[in-house]
Amino acid sequence: MSGMLKLLPVLAIAAALPHGSEPVNLNPADFTTKIDNPYLPLRPGSRWVYRATDAEGGRSRVVVTVTHRTKLIANGIRARVVRDVATEGGKLAEATDDWYAQDRAGNVWYLGEATTLYKNGRPQSTEGSFEAGVDGAQAGVAMPAHPRVGQHYRQEYYKGHAEDRARVMSLRQMAEAPFGFFRRSLMTAETSPVEPKVLEYKFYARGVGQVLAVDVSGGSDREELVRYRRAGK
């Protein structure tokens with residue numbers, strides 16, 4: 001019986017995926033900056049390069065790097081800083097620090113971002129930035145510990161600015177063109193009340209992370225992984 005009782009806190013965390021605007025009460029002691037969820041592994045030094053296109057035919061290069069830096073979030077959780085930089089024609093278009101932490105059950109939580117949009121090399125806007133615990137913003141789940149078809153959850157919440165939601169649509173084997181071998185994959189459908197007409201599908205490869213994101217309604221944006229370097233390789 002004592003062994004079962006020791007498992008209860010972890011099971012409670014695993015079951016408590018957030019939805020909508022509901023507040024979450026997270027214990028900082030339950031979190032780590034060591035993120036090893038197989039569908040979203042964020043080991044410092046890992047790097048992903050994406051080719052992105054938008055509805056107007058614009059092209060950009062997106063480089064995502066897991067840094068060695070951490071940040072203490074306003075809600076008390078220490079998060080891993082992931083740097084996301086987009087360039088268009090070699091010029092900086094957007095730079096974002098995303099903040100992630102993993103709970104004891106293996107869920108990866110998204111705790112906010114500091115983003116800056118650029119035009120002609122100059123900062124233009126920080127729209128979309130938020131931090132869990134500030135101005136009513138709440139943490140969300142970027143990747144569940146044990147994804148299953150039909151599972152749904154909030155990814156972020158800052159009213160009127162960041163309200164992404166996801167649903168697990170499939171778990172299957174896929175062929176990845178950038179890597180040339182079969183790997184277990186996860187597909188999610190993402191929506192947001194902020195952009196109610198947009199539906200985006202995302203595909204994650206086990207051991208790699210996100211490999212493809214594509215709008216299927218309300219837009220035609222596409223972001224495809226072209227290069228991946230795992231830390232230590």
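The values are calculated or read from the model by the stated rules, or taken from the named source; none is laboratory data. Just so it is clear, the structure is predicted and the values come from calculations on it, not from any experiment. With ideal geometry, Cβ positions are generated from the backbone for all residues, glycine too; neighbour counts draw on all protein chains shown. The protein model used for the area step is the full one, side chains on, heavy atoms only, and it has no ligands, DNA or RNA in it. Shrake-Rupley method; radii C 1.70, N 1.55, O 1.52, S 1.80 Å.
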Counting only protein heavy atoms and rolling a 1.4 Å probe, one gets per residue an accessible area for the chain in Å² of 53
Descending packing, highest mean Cβ count within 10 Å first, for 206-216, 146-156 is 206-216, 146-156
In Å³ per residue, the alpha-carbon convex hull of segment 109-233 encloses 155
What helix-only [θ] at 222 nm does the chain give? Using -39500 (n - 2.57) per DSSP H run of at least 4, over all residues, to the nearest 500, the answer is -2000 deg cm²/dmol
Rounded to the nearest 10 Å², the accessible area of GLU88 using a 1.4 Å probe with every protein chain kept is 100
By the mean-Cβ-within-10 Å protection proxy, highest first, 58-64, 186-192 rank as 186-192, 58-64
Judged on accessible area alone, 1.4 Å probe, highest first, ASP36, ASP98 line up as ASP36, ASP98
Expected field for SER170, accessible surface area in Å² at 1.4 Å probe radius, rounded to 10, holds 20
Of ARG83, ARG78, ARG104, ordered by accessible area with the largest first and a 1.4 Å probe, the sequence is ARG104, ARG78, ARG83
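Let me know the charge dipole size of the chain about its Cα centre in debye, to the nearest 20, where only the beta-carbon of Lys, Arg (+1) and Asp, Glu (-1) is charged.
Working: 32 positive and 26 negative charges, 233 e Å.
The dipole of the chain has a size of about 1120 debye.
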